[in-house]
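The values are calculated or read from the model by the stated rules, or taken from the named source; none is laboratory data. Quick caveat: nothing in here was measured; it's all calculated off a predicted structure. Cβ sites come from the backbone with ideal geometry, for glycine too, and all protein chains shown count toward neighbours. Quick note on the areas: whole protein, heavy atoms, side chains included, nothing else; ligands and nucleic acids left out. Shrake-Rupley method; radii C 1.70, N 1.55, O 1.52, S 1.80 Å.
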Amino acid sequence: ETAVADEASLLSAVARDYVCVAYKDSYRSKDNFLSTTCLGMDCDNDHSDNPDDWITPAHIRSQFPNVAFAVHYSRHNMISKYGKTPRPKFHVLFLIEEMTDAQAYSDLKKRMNVLFPYFDQKALDSARFFYGTKDPQAAFFPGTITLNECLDLYYPDVAEDDGWDMGTPSDNHVIPEGSRNATLSHYAG
């Protein structure tokens, strides 16, 4: 187990394969979920082939202000994969309040995906594994609040089961009640 508090400890942690959860007997499965204070999300920028649409850590910072998080660029960062042009690919590691329930952790990931649909939808389970990198490229973004506090402050009405398609303003999209801030933040981003 490694505590990440700055860029040096982050680089040490992501230099090898890792998970963001402590598991019983160090065996990764949702049934062995013990606890975590880190929500790991994956951003592969596969939503568009237009570089102007690609997500960067600056987008993460603006969407989740004042939250402490780290970014670890994946082993496929800026490398062509599945015939797609090279693009930024990274893991976002958010500081969260301690969680001890696998389903609640997975639900938090789903809520994040509703707010920020650029995270990998196939990586929302509670036993996600990330590959480390030999010469890690990473960045630490200090903050004053946890992700949970940010969600309570800025997105209190968005739940993991909202699951509505945010579309674009030109789609004549009706914004569901209680989702104005998340939708407008999405459009602005």
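Hey, could you get me the Stokes-Einstein D for segment 1-49, Kirkwood radius over alpha-carbon pairs, 37 °C and 0.692 mPa s, rounded to whole µm² s⁻¹? The partial results should precede the final answer.
Details: Rh = 12.8 Å.
Answer, rounded: 257 µm²/s.
How large is the accessible surface of Arg61 in square angstrom, using a 1.4 angstrom probe and rounding to the nearest 10?
Accessible area, nearest 10 Å²: 60 Å².
Can you flag which of Lys30/Lys81; Lys30/Lys84; Lys89/Lys110 are past 25 Å Cα-Cα?
Numbers: Lys30/Lys81 29 Å; Lys30/Lys84 32 Å; Lys89/Lys110 20 Å.
As for pairs spanning more than 25 Å Cα to Cα, those are Lys30/Lys81; Lys30/Lys84.
Where in segment 116-130 does the label zone of Gln103 land, with the point 7 angstrom along Cα→C-beta and an amide N cut-off under 15 Å?
126
In whole percent, and with a 1.4 Å probe on the protein chains, what portion of the accessible area of segment 1-100 is carbon and sulfur?
Details: 2590 of 5330 Å².
With neighbouring chains kept in place, the figure for segment 1-100 is 49 percent.
Using a 1.4 Å probe, how large is the accessible area of His76, given in Å² and rounded to the nearest 10?
We get 50 Å² for His76.
Give the accessible surface of segment 1-104 per residue, rounded to a whole number of Å², with probe radius 1.4 Å and ligands, DNA and RNA excluded.
On the way: 5560 Å² over 104 residues.
Accessible surface, normalised per residue, equals 53 Å².
Over segment 1-105, what is the mean sequence separation of C-alpha contacts under 8 Å (at least six apart), divided by residue count, expressed as relative contact order in percent? Can you show the working numbers first?
On the way: 140 pairs, mean separation 31.4, N = 105.
Once normalised by length, the contact order is 30 percent.
For Thr2, what accessible area in Å² do you get when you roll a 1.4 Å probe over the heavy atoms of the protein chains, rounding to the nearest 10?
The accessible area comes out at roughly 70 Å².
Provide Asp25, Asp120, Asp49 ordered by accessible surface of protein heavy atoms (probe 1.4 Å), highest first. If you can, show how the numbers build up before the last one.
On the way: Asp25 135, Asp120 35, Asp49 105 Å².
The residues order as Asp25, Asp49, Asp120, largest area first.
Given a 1.4 Å probe and heavy atoms of the protein chains only, how would you sort Cys150, Cys38, largest accessible area at the top? Kindly include the intermediate steps, with their values, before the conclusion.
On the way: Cys150 0, Cys38 30 Å².
From most accessible down to least: Cys38, Cys150.
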